[in-house]
Amino acid sequence: MSTARMGKQHPKFSHFSVPDEDTPPASRIRYTSYVSSERNLSARTSWLNTHHHPRESPLSSSPLRPTESIEAPHVEADTYGTGCFDDLDSKYIHRLADLGGDPNLPRRPRPGDHPLQGWLRNIDRWLAELLRLEGRGDHTKDVCPRCNLHPAEFRCQDCTDLSLHCRLCTVELHDQMPLHRICQWVFRHFVKVTLKSLGLRVQLGHPPGSKCISPSRAHNDDFTVIDSSGIHPVGLDFCGCGRAHSHSIQLLRFRWFPATSSNPRSAATFRVLETFQLLSLQSKISGWEFYQTLEHITDNTGSSDVKDRYAAFMRIVREWHHLRMLKRSGRGHDPSGVKATGLGDCTVLCPACPHPGKNLPDDWEKAPPNKSWMYQLFVAMDANFRLRRKAVSSDEKDPGLNHGYAYFVEETAYKKHLAVYSDLVTEDKSSCSDHDAIKLAQRKGANDIASTGVGTVECARHDMKRPCSVGDLQKGERYVNMDYLFKSSLGHHSMPSMVASYDIACQWSRNLYSRFTNPVQFRFLVPKFHLPAHQESCQNEYSFKLTPHVANTDAESPERGWAFIDPLVSSTREMGPGSRRDTLDDAFSFYNWMKICRLPLSLLRKIKEAVRQRYAQTDDFEEFSAALPPALVSSWTKDVKAWEADPSKPNPFVAAQKRLSIATVRRQLAEEEQKGSTSKDSPSIEAKISPSRLISVGFELEELQLDAWAQFQEVYMPTAVLLRAKEKHQPESPENACLYLPSQIPLGEKCDADLVRFEWRLRYAQASETLDYLRDHLRLRASIRKLKDRFARGVRTVTRALAVVASVEQKIKSDSQRYRASRTALAALAACLTDKAGWDTHFRVLLDEHVREMHEDPDAPTDSRRTLSWIWRMPGVSGPDDASGIQEALRIEWCKSRARAHRWSEECDLLQEEMRRVTAFHEWQAGWWIDRAGVCVTLEQQREEEQDSYIEGSEAYARRQSRIRCQLQAKCTESWKSVEKWVAL
């Protein structure tokens, strides 16, 4: 049966035109159109004329031209099996749905829809099969099927052949599989035995199947091999011939890694080392947990005596990681060997960052200004205080193997620097938020801590660790540590122009050039999600969003990297210093490599988002600009371009109106009193407290409601004493008493004019300052909510985040109440002062709906026609009218809209450049490996007949690595082949 999909569509109905099987004569065909919804099915019949050969199928003829339509009565049914469709096969209905392909229609149930339910129906059979495997199954013959001579009583758990064999045949079959697990059929059940107990001997140094004429058994014939299948005792024979290699070399050529270089008694297979390396990096399993797992695989009852080789295994693992690092970085292809390895030579470099001579054009230094910014390097600094290390072992007892070859700085030089400069480099007193509180919190409990964490300098855009850019911290995030790491990082890779990001860049960079000399041109910024914690001046000066030529970089890459590394803390905090550095170096290499493998998809995802945002933000900016007077836009454009070219020029993102604070007014009043500017009729200033100080103290005590202030009030405000005496209901406690400030004295009562003016000025400053605090807290609330939504995971973290939001909400509520109280006082004072008309145009009534952010999301698309709350449009005290405040708010919003459009446009350009750099870097690295094909490390004692095999292995590995880079390049090219068209749309 065939179906033809009709063009007519409805949201809840699907139409299928199905030819009826008993059709009229060939010239007319009756079609029944079935319409299905969620609860019923209806039909409509149409007659169509066709022009086709009698032997042709009606559906194959073209075209179909309807001549008339006879609509059958609309018949509905609750289900497919009722109504006039009782005789309609349910399979027929499901077939219609399958052929139509409409997802709204029910389709025929399939076995794969609910695999678990299907499995549960057969659970007894599956259980029986597992029990059957505990016996001999179909292999019940008592004689070995291989030799037909001896009893069949041994079966291998790892071979696919489940038949039982005799002891001799079992040993012969496992001559090249000495680590398989064997069971013996005894008293109608299987018992574990070892191949060593059956007589299997593993011969090293000779081809498979051949024996040495002078074998040398392992020490006391006690050799243990650690494999992913368990911990095995092995009967091992070393080659004892005259030209035999050392025991450790014989084991390596058998792909068993010896625990010691001389007289080894244990080894680990390459397979188990590869498995543990990936597991420890991907799932963060510790060496102890992994070794315990192997012990349980070997014997899960504890009744057998399993050799304890944990210490040997961990030593093997560390040596294995170090050798693999040297191998992958091409150190085996240097004739000078490992000793010629330089600092940072074993790192996995970021292919998207600019590397002169590797992935940059030959003339990149001559690029015009509109392109040269794309060749600047973005780095980010941060510290992780989770990566602590307890005060166990020492560098003498546990020296590192890497010696600065990878990501950690060379320890000896680092310690010398700290010993010399720890007391010379002082922490500057913070001029921003109290960042020291964070650092001091990390020092708690440092008595038994050798390292309070690690500091790092890494790629800010691609989240990759950089060469020689990681170091231990001893007492929090001190400048002396971070200065050394920053200098070390730039010493191994830098560019003439750099953007350096640090969460305390506003403090750290102030005197950096007095501590650090470098010809590189720096721009210091603060990561996007750390910036709201800074004061307003830092938010404008160190913002990625406002700074030109930084694209849409957020510089929060270190935080993402720590999320991968943090689970290793449970293992590394108990390690010695050398083991910990080597382990973290290996983890950083793995993390960088995973990032490289994901670059084709990650950069593609970013460019798609960047193009969408570029169009959205550009359209929004153009719409915003079109709604403003052209002269105003031209003036603002000139101002913002001047600031971008020279940051010392006025910042157009900053409100020009100066804030008025209570402290400023108090200082002004004190200066006026010293100059004798107060009224001659006022009480003597030689009293214990001056008039302005009286109002100021009352101002401070207004919230505390302290009665002690009243005695000073008698000198300047005797009316207040009389009013207090006339109170019908005395307050229950002094805290509830009225202070009778000038604003609280009823009209008609006498009050000194100077005191009224003093309070007016203080109240005016209080209202202005409170609005500033209110705006700051609103910004803070928006920022914290954004951080919570982005990073808070888990009940504990979300609960803490909500508690922080609640505390900010309380501050906003307190600011609102304080402002309303100030405005009420201003209204009362204005009635006594004739020259204060129009004050309420600045300080309006604050309703609950006015207490809102300028916009809910700082990164959300800007609507140029939205209405701002008046608290964001309030001008300064010196402003002539309210229009200046509105214009300033519009200017700042217009500049921010322009910055968003420019940053996303820059992001599109920079991502395309990074894609080009990635493919160029892979091409360069593929050629780098080819150049080293056939070159091998020179050995002191190398046999001439074996030289070709070393050269061949070296060439094979170099070509394999080159092939990997070519494959990565091809993957990038294929993934990004449509990017140019996508961006140009």
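Once every Cα of the stretch 452-498 carries one equal point scatterer and solvent is ignored, give the base-10 log of I(q)/I(0) from the Debye formula at q = 0.18, 0.24, 0.29 Å⁻¹, two decimals.
For the stretch 452-498, the Cα-only Debye profile gives -0.53, -0.86, -1.09.
Over the stretch 174-319, what relative contact order in percent results from Cα pairs under 8 Å that are six or more residues apart?
Relative contact order, the stretch 174-319: 19 percent.
Take every Cα pair under 8 Å in the stretch 133-210 that's 6+ residues apart, average their separations, divide by the length, and report that relative contact order as a whole percent.
25 percent.
Arrange the peptides 757-764, 913-920, 938-945 so that the one whose residues have, on average, the most other Cβ atoms within 10 Å appears first.
Per-residue mean Cβ counts within 10 Å order the peptides as 757-764, 913-920, 938-945.
Do any trypsin sites (Lys or Arg not before Pro) in the stretch 106-195 lie in a DSSP loop with no more than 12 other beta carbon atoms within 10 Å, and if so, which?
Hits after loop and neighbour filter: Arg188.
Taking amide hydrogens as modeled 1.01 Å from N in the peptide plane, which residues meet the under 5 Å criterion relative to Ala218, leaving out close sequence neighbours?
Amide H neighbours of Ala218: Leu236, Phe238.
Can you give me the long-range amide H partners of Asn552? Hydrogens built in the peptide plane at 1.01 Å from N, cutoff under 5 Å, separation of 5 or more residues or another chain.
Glu907
Pick out, in residue order, every one of the trypsin sites (Lys or Arg not before Pro) in the stretch 494-581 that is DSSP loop and has at most 13 other C-beta atoms within 10 Å; say none if there are none.
Listed in order of number, the matching sites are Arg510.
Just to confirm, what accessible area per residue do you get for the stretch 278-340 at 1.4 Å probe, in whole Å²?
Spelled out: the 1.4 Å probe surface of the stretch 278-340, per residue, equals 55 Å².
Please compute the Kirkwood hydrodynamic radius over the stretch 577-621, one decimal place, Å, based on all pairs of different Cα atoms.
Result for the stretch 577-621 stands at 13.1 Å.
At 7 Å along the Cα-to-beta-carbon direction for both Lys813 and Val191, put a label point, then send me their distance in nm to one decimal.
7.6
Evaluate Rg over Rh across the stretch 260-396, taking Cα atoms for both radii and Kirkwood's formula for Rh.
Rg/Rh for the stretch 260-396 comes to 1.12.
Is any residue of the stretch 209-227 close enough, with backbone N under 20 Å, to a label point placed 7 angstrom from the Cα of Asp305 along the Cα-Cβ axis, and if so, which?
Residues 218-226 qualify, since their backbone N sits under 20 Å from the label point.
Given a Förster distance of 45 angstrom, what is the FRET efficiency for Thr275 paired with Asp423, based on the Cβ-Cβ distance and rounded to 0.05?
The pair Thr275/Asp423 has a calculated efficiency of 0.40.
Each residue of the stretch 474-486 in order: what ³J(HN,Hα) in whole Hz does its phi give by Karplus 6.51 cos²θ - 1.76 cosθ + 1.60, θ = phi - 60°, with x for Gly and Pro?
9, 9, x, 8, 7, 4, 4, 6, 5, 4, 5, 5, 5
The values are calculated or read from the model by the stated rules, or taken from the named source; none is laboratory data. What you are looking at is a predicted structure, and each value in this text was computed from that prediction instead of being measured. In this analysis, Cβ positions are derived from the backbone assuming ideal geometry, glycine residues included, and neighbour counts consider all displayed protein chains. Just the protein is used for accessible areas: all its heavy atoms, side chains included, with ligands, DNA and RNA removed. Shrake-Rupley method; radii C 1.70, N 1.55, O 1.52, S 1.80 Å.
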